[in-house]
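Below is one structure, written out as structure tokens, with a few remarks after it.
The values are calculated or read from the model by the stated rules, or taken from the named source; none is laboratory data. What you see is a predicted model, and the numbers here were worked out from it, not measured in a lab. All Cβ positions, glycine included, derive from the backbone under ideal geometry; neighbour counts span all protein chains shown.
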Amino acid sequence: MKLPLTYYRGENVIKIAKDLIGKRLVTHFNKQLTSGVVVETEAYSFVEKGCHAYKGMTPRNAPMFEPGGISYVYLCYGIHHLFNIVTNGKHRADAVLIRALQPLEGEKHMMKRMQTQTIKRLTSGPGKLTRALGITLAANAMSLRSAQLWLEDGLWSGDIEAKTRIGIDYAGEDALLPWRFMAKDNGWISK
DNA sequence: TACGTGATCACG
DNA sequence: GTGATCACGTAA
């Protein structure tokens, strides 16, 4: 079952980021179905300095200010596309960064996109999983209940660890918030 | 640890 | 227009 809009429009992005662990992320671009279990996420909220929306709306972060249930994809370091799930209500610009997946379906397509012969660490990082699943800027601001991109309930359950977020030293004391969530003892975590 | 890579945004 | 910056990944 695709996750309902009400799921994404919840007000607590931290709770949603934690709950997304174990859900299934699916893409269906160019008739290639690929999916994975979400095993690592990070929460970002407009109230703190780590978030792109902290200083207000710009052309890039505009999707974050829409009601939850759409994607926010942007190019990082000129190379990597990063995929976020927009949550909360209109003008309450929260989002969850998907940092790692455990591959589930379409590994062949993923390996081809990654130009590798091995499944090892195929989707273990925010820049890698977008490439493996074919997520580009064309998927920015797209509905998360579309025919090409969606999330489903998972059957997974297990322990979840919380740690500080990666790569946001510029956020000062907000970099210390324990808003990164990981499936405990899962081999598909980033780095 | 070092650096490629190019869009983005705050300046004038 | 310009320049500093960046929610990464790989190699060394």
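You will find that of A:Gly125, A:Gly134, the residue that is crowded, with 20+ Cβ neighbours inside 10 Å, within 16 Å of DNA strand B (Cβ to nearest atom) and within 17 Å of the chain's Cα centre (by Cα) is A:Gly125 and no other.
Only one of the numbered conditions (1) near DNA strand B (Cβ under 10 Å from one of its atoms); (2) part of a loop (DSSP other than H, G, I, E, B) is violated by A:Leu75, and that is (2). Residues in the range A:155-169 that are more than 16 Å from DNA strand B (Cβ to nearest atom) and surrounded by fewer than 12 Cβ atoms within 10 Å (Cβ to Cβ): A:Leu155, A:Ser157, A:Gly158, A:Asp159.
Does A:Val47 meet the test of being in contact with a Lys or Arg (Cβ under 6 Å, 6 or more places away or on another chain), hydrophobic (A, V, I, L, M, F, W, C) and more than 16 Å from DNA strand B (Cβ to nearest atom)? When the stated conditions are applied, A:Val47 does not pass them. Tell me, yes or no, whether the range A:143-157 has at least one residue that is within 12 Å of DNA strand C (Cβ to nearest atom), under 16 Å from A:Thr41 (Cβ atoms) and either more than 17 Å from the chain's Cα centre (by Cα) or at pLDDT 95 or above (or both). No - not one qualifying residue is present in the range A:143-157.
For the range A:50-80, a residue qualifies if it is within 10 Å of DNA strand C (Cβ to nearest atom) and out of contact with any strand residue (DSSP E or B) (no Cβ under 8 Å at 6 or more places or on another chain), and the qualifying residues are A:Tyr54, A:Tyr77, A:Gly78, A:Ile79, A:His80.
Which one is nearest to DNA strand B (Cβ to nearest atom), of the residues in the range A:90-102 that are more than 14 Å from the chain's Cα centre (by Cα) and under 23 Å from A:Ile21 (Cβ atoms)? Only one residue fits best here, namely A:Ala93.
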